[in-house]
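Written below as structure tokens is the structure these notes are about.
The values are calculated or read from the model by the stated rules, or taken from the named source; none is laboratory data. As the structure is a computational prediction, the values presented were derived from the model and not from experiment. Using ideal geometry, Cβ is built from the backbone for each residue, glycine included, and neighbour counts are taken over all protein chains shown. The accessibility values were calculated without ligands, DNA or RNA, using every heavy atom of the protein model including side chains. Shrake-Rupley method; radii C 1.70, N 1.55, O 1.52, S 1.80 Å.
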Amino acid sequence: MSKEQDHAARLRRGVVELAVLALLRERPRYGQQLVEDLSQRPALALSAGTVYPLVSRLLKDGLIASTWQESPVGPPRKYYRLTSEGSRALAEMTRAWNALRTDVDALVKKTP
């Protein structure tokens with residue numbers, strides 16, 4: 001892994017929870033959909049081995065809920081959706097992200 005990739009991975013870990021909650025605000029998704037949707041944004045591309053533990057923690061924390069649904073192909077799939085507590089957490093995290101992004105952008109623009 002290059003130094004740039006290592007830096008990107010460390011920064012990504014800090015925002016992946018926000019990204020997953022934002023995806024689930026749009027619509028319920030099953031785990032592999034989350035992995036695929038994140039991979040559509042190269043800076044957020046994560047392995048299933050990273051996404052599933054995060055999803056488990058979000059379930060345990062009550063920020064998301066799950067239901068099994070029949071699949072048109074293959075076995076039933078576990079779909080995840082945002083809970084009302086998750087919506088509140090997403091709003092709080094979004095405010096924090098916007099403030100953080102503004103401050104970091106201001107610092108980075110000053111850096112030669």
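Looking at region 70-81, is at least one residue open to solvent by 90 Å² or more (accessible area, probe 1.4 Å) and within 15 Å of the chain's Cα centre (by Cα)? Checked against the condition, which is being open to solvent by 90 Å² or more (accessible area, probe 1.4 Å) and within 15 Å of the chain's Cα centre (by Cα), region 70-81 yields at least one hit. Residues that are in a helix (DSSP H, G or I) and either under 11 Å from the mean Cα position of the chain (by Cα) or without any contact (Cβ under 8 Å) to a residue 12 or more places away in the chain (or both) within region 32-45 comprise GLN33, LEU34, VAL35, GLU36, ASP37, LEU38, SER39, PRO42, LEU44, listed in sequence order. Yes or no: ARG101 part of a helix (DSSP H, G or I) and modelled with pLDDT under 95? Answer is yes for this residue. For region 46-56, the criterion of being part of a loop (DSSP other than H, G, I, E, B) and modelled with pLDDT under 90 is met by at least one residue. Just one of VAL104, VAL55, VAL108 is of a type in the set (A, V, I, L, M) and under 14 Å from GLN32 (Cα atoms); which is it? On inspection, the qualifying residue turns out to be VAL55.
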